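Asks: Quick one: the structure is below, questions incoming.
Rule-based calculations on the coordinates, nothing more; no lab input. The structure presented is a predicted model; accordingly, all values stated were derived computationally and were not measured. Counting neighbours? That spans all protein chains shown, and the Cβs are built from the backbone with ideal geometry, glycine included.
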Amino acid sequence: MEMETEKIDDLMKVRIAGHLDALTSPEAEQKVLELIDSGENRIYLDLQHVDYLTSAGLQLLLKVSRSLEDQSGKLAVCATHPNVIDILKMSGMDRIISLFRSEDEAIDSIKLSKT
């Protein structure tokens with residue numbers, strides 16, 4: 001797993017690539033939650049380069065979503081890999097998080113939201 005962060009205006013982009021599974025999700029979760037704890041409450045998770053997602057990855061998304069909700073924050077997720085999208089939909093996660101198929105849509109959804 002690779003992870004990069006980038007500040008875009010008033011939101012934080014977190015780009016994750018590779019697998020989000022039991023081995024990699026705890027590290028990613030810790031880093032994203034640290035960003036939230038430091039005051040970042042508008043997060044764009046770029047999962048376009050995630051090609052494998054397990055229940056541990058779903059747990060990461062749920063924890064981040066709940067943490068941001070507690071702070072009246074906003075989360076947008078972009079995923080394009082068909083298997084990842086299927087898992088997000090089959091698990092019902094697409095009804096919990098704002099899921100987009102393009103970066104522009106995800107970023108716009110955060111910029112246009114009022115928190």
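Asks: Given Lys7/Lys89; Lys13/Lys89; Lys13/Lys74; Lys31/Lys89, which pairs have Cα atoms separated by over 19 Å?
Replies: Numbers: Lys7/Lys89 28 Å; Lys13/Lys89 23 Å; Lys13/Lys74 12 Å; Lys31/Lys89 25 Å.
Pairs exceeding 19 Å: Lys7/Lys89; Lys13/Lys89; Lys31/Lys89.
Asks: I've got another one for you. Can you tally the net charge around Ile36? Count Lys and Arg as +1, Asp and Glu as -1, for every other residue whose Cβ sits under 11 Å from the Cβ of Ile36. Each step should come with its number before you reach the end.
Replies: Numbers: positive: Lys31, Arg42, Lys63, Arg66; negative: Glu29, Glu34, Asp37, Glu40, Glu69, Asp70.
Summing Lys/Arg as +1 and Asp/Glu as -1 gives -2.
Asks: Please list, ordered by chain and number, the residues whose modelled amide H lies under 5 Å from the amide H of Ile8; skip anything fewer than 5 residues away on the same chain.
Replies: Lys13
Asks: In segment 72-115, which trypsin sites (Lys or Arg not before Pro) fall in coil by DSSP and have 12 or fewer other Cβ atoms within 10 Å?
Replies: When the trypsin sites (Lys or Arg not before Pro) of segment 72-115 are filtered for loop state and at most 12 Cβ neighbours within 10 Å, Arg101, Lys114 remain.
Asks: Counting pairs of alpha carbon atoms under 8 Å apart in space and at least six apart in sequence, what relative contact order in percent does the chain give?
Replies: 25
Asks: Sticking with this one: Once amide H atoms are built 1.01 Å from N in the peptide plane, which residues 5 or more positions from Tyr52, or in another chain, come under 5 Å H to H?
Replies: Leu20
Asks: What is the sum of charges, Lys and Arg at +1 and Asp and Glu at -1, for the other residues whose Cβ falls under 15 Å from the Cβ of Thr80?
Replies: -4
Asks: Suppose only helical runs count, i.e. DSSP H with n ≥ 4. What mean residue ellipticity at 222 nm does that imply for the chain under -39500 (n - 2.57) per run, divided by all residues and rounded to the nearest 500 deg cm²/dmol? Provide the component values of the computation, followed by the final result.
Replies: Details: 4 runs with 48 residues, N = 115.
When only DSSP H runs of four or more count, the value is -13000 deg cm²/dmol.
Asks: Another question about this same structure. Given H placed on each backbone N at 1.01 Å, which residues far from Lys74 in sequence or on other chains put an amide H within less than 5 Å of it?
Replies: Arg42, Ile43
Asks: Report the far tail of the P(r) of segment 2-112, meaning the percent of Cα-Cα pairs longer than 15 Å. Before the final figure, lay out the partial values.
Replies: Details: 3563 of 6105 pairs.
Pairs farther apart than 15 Å: 58 percent.
Asks: Enter the Cα centre distance for the pair segment 6-24 and segment 67-101, rounded to the nearest angstrom.
Replies: 13
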